[in-house]
Every structure is written in structure tokens, then in C-alpha cells.
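Peer 1: Would you mind keeping the following structure in view while I ask a few things?
Values in this text are rule-based calculations from the coordinates and carry no lab data. This structure is a prediction, so every number in the text was calculated from the model and none was measured. Virtual Cβ from ideal backbone geometry, glycine too; neighbours counted across all protein chains shown.
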Amino acid sequence: VGGVIELEIPARPEYLSLARLVVASAASVEPTFRDERIEDLRVIVSEATTNAIEAHTALDGDERILIRCNLDDDRIEVWIEDQGAGFSPGGLPDLPDMDDPARLDIEGGFGLPLMSVLADEAEIRSSDTGTAVKLVVYQKRST
Amino acid sequence: MFGIEVHHRGAQTVIAVGGELDLATAPAFRQATTNAVADGARHVVVDLSGCDHIDSIGVGLLLGVLKRARTVGGTLVVVCPDPRLRRVLDLTDLSRIVTVSERLDEALASPPPDAVPGGAPAGRD
């Protein structure tokens, strides 16, 4: 068992749903993956692809986002690559606590924490010419 | 297929979302909820019963609805029967600051104190 599935989408929000659908469907091919793990995968792929699409909003070309799934017996590894302006994951500002009314002024900041909780492994490589995100989900939750 | 319906139940305004709440559908949701509050809605119920996906964008949108509702002395309740979606609300801690109900009838049966006759005056939590 195993295989590689690649999907290339335009960096536009209307293709986000397709990215989720393809990755979740690919994961469903492996019968040992439970629905809850496929749902985790669906959410983290949505987060990473959302970030990739948003990284392209400042560009005016017809850039593409590459999504590659490596399917294995006990794990699924997904790479999401864009060519947008990179960022420093460690350089993001601290956000107010949810109990702090000032948090209501900031609608963002949920994506990366959600990815780190739902993925068993998450790695971000970012530079001026693009970002590659590696996400791994195992058959069983590690936490 | 994404869709939004707005209707009123007494002092509560129900905004029902169908389909997926994400980056693609965010502008329509933001517009609908902004319009609802501008049109006088204070106690907002966002009904996700017909919603089959939410991610961090959706959580941020709900945070924005909470802010707009509080600005006019109102409240936000989120109806979310799907445990997959509730998990996202829990993991992002949104459910710590927003009331999440599993059923619409439950949410409508427990209106805010100032939304019922003889209740507390507006602007109090």
C-alpha cells in the first residue's frame, strides 16, 4: 500500500474546497485511517492552503499551489508549497489571551496553533520566494 | 453549496449558515453578519447546523460577530450540533468566550435576560 497524489491549484480561495476534498478522499483510500484522523487532515490542509492562498494575494500573476500527499500504511504526509512572500513562523506577534477583550480586535492567529495541535508533525520552511509546509498525520493520534 | 439565511425569533436574530465556512465564503458571511447588526440585531445566534466545515477563518469570523454584537450591548450564541466542528471551536478556545449550543431550539429557549420582558436592561452581561 502507498502512493503519491499531487494536486496543483490556482492560488485562489474558490479552490480551497477542492484541496480539502482531494486530500480527504485520498486518505479515505487507506481503510485503516479512522474518520477522526481524516477530519484532522481535512482541517490542517485547509489551514495550510489558506495561508498559501493568502501569501499570494499581494501578487498579480497566476501563481499555483502544489499539494502532494504521500500515502503510507500508518501515516499520511502532505506537502503544501507556494511561491508567495514567506514569513518567519517564530517571528509572529504574541496575541492577547482569549479572555482579553483586545483579542476581539484580531480575527486571525488561529491557523498555526490549530495545525500544530491537529497534526502529529508540522514543519514550515519559508523564504522570500515561497513556503513549504509539511504535515504528517498518523493512523492513531499521538496525543 | 454555501448559503446564509437571516431570520428573527423574538429579540434574537438567527443567522443560519449552510455549506463550508472558510476563506472563500468569508466575505459573504462577514457582509451578512455586519448587515444584520447594522440593521438592529443585538442578540445573534449563528446556526451552524447546516455547515459541514469550519476552520480558523470561520473561528475568526465568529470572533468578529461577537465583537460587533458586544459593541451594541448584545450577545452571540453559536449552534453547532456537529462534534467535528465543535472540536475546532474547542481547540481554538472560542467556546471559552462564546456560548456553544448543540441545538437551535435550546439556544432559542434560553434568550439573554434583557431579551425577555421584564429582564435586565440592555448592556449588561
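Peer 1: Of all residues in the stretch A:95-131, count the ones that are surrounded by 15 or more Cβ atoms within 10 Å (Cβ to Cβ), in a loop (DSSP other than H, G, I, E, B) and out of contact with any helix residue (DSSP H, G or I) (no Cβ under 7 Å at 6 or more places or on another chain).
Peer 2: 3
Peer 1: While we're on this one: Any residue at all in the stretch A:65-74 that's more than 16 Å from A:Gln139 (Cα to Cα), surrounded by 14 or more Cβ atoms within 10 Å (Cβ to Cβ) and not β-branched (Val, Ile, Thr)?
Peer 2: yes
Peer 1: Just a yes or no: is a residue in the stretch A:105-117 more than 30 Å from B:Thr75 (Cβ to Cβ) and either among the β-branched types (Val, Ile, Thr) or within 19 Å of the chain's Cα centre (by Cα) (or both)?
Peer 2: Checking the stretch A:105-117: at least one residue is more than 30 Å from B:Thr75 (Cβ to Cβ) and either among the β-branched types (Val, Ile, Thr) or within 19 Å of the chain's Cα centre (by Cα) (or both).
Peer 1: Among A:Asp97, A:Asp128, which is the only one that is among the acidic types (Asp, Glu) and in contact (Cβ under 8 Å) with a residue 40 or more places away in the chain?
Peer 2: The match here is A:Asp128.
Peer 1: While we're on this one: Consider the stretch A:81-94. How many of its residues are surrounded by 14 or more Cβ atoms within 10 Å (Cβ to Cβ) and more than 28 Å from A:Glu36 (Cα to Cα)?
Peer 2: Qualifying residue count, the stretch A:81-94: 5.
Peer 1: Among the listed residues B:Ala36, B:Ala69, B:Ala41, which satisfies the condition of being assigned to a helix (DSSP H, G or I), within 13 Å of the chain's Cα centre (by Cα), over 27 Å from A:Glu14 (Cβ atoms) and not basic (Lys, Arg)?
Peer 2: None of the other options fit; the residue is B:Ala69.
Peer 1: Identify the residue in the stretch A:1-29 that is part of a loop (DSSP other than H, G, I, E, B) and in contact (Cβ under 8 Å) with a residue 60 or more places away in the chain and, among all such residues, is nearest to the other protein chains (Cβ to nearest Cβ).
Peer 2: Looking at the filtered set, the residue picked out is A:Ala11.
Peer 1: Please go through the stretch B:44-58 and give me each residue that is of a type in the set (D, E, K, R) and not in a loop (DSSP other than H, G, I, E, B), ordered by number.
Peer 2: Listed by number, the residues that qualify are B:Asp47, B:Asp52.
Peer 1: In the set B:Ala26, B:Ala11, which member is touching a residue at least 12 places away in the same chain (Cβ under 8 Å) and within 14 Å of chain A (Cβ to nearest Cβ)?
Peer 2: Only one candidate passes the filter, namely B:Ala26.
Peer 1: Another question about this same structure. Can you report the number of residues in the stretch B:29-50 which are crowded, with 21+ Cβ neighbours inside 10 Å and within 13 Å of another protein chain (Cβ to nearest Cβ)?
Peer 2: So the answer is 2.
Peer 1: Okay, moving on. Got a number for residues in the stretch B:1-28 being of a type in the set (Gly, Ala, Ser) and crowded, with 16+ Cβ neighbours inside 10 Å?
Peer 2: Within the stretch B:1-28, residues that are of a type in the set (Gly, Ala, Ser) and crowded, with 16+ Cβ neighbours inside 10 Å number 6.
Peer 1: Of the residues in the stretch A:39-79, how many are within 14 Å of chain B (Cβ to nearest Cβ) and either of a type in the set (Asp, Glu) or part of a strand (DSSP E or B) (or both)?
Peer 2: Matching residues across the stretch A:39-79 total 5.
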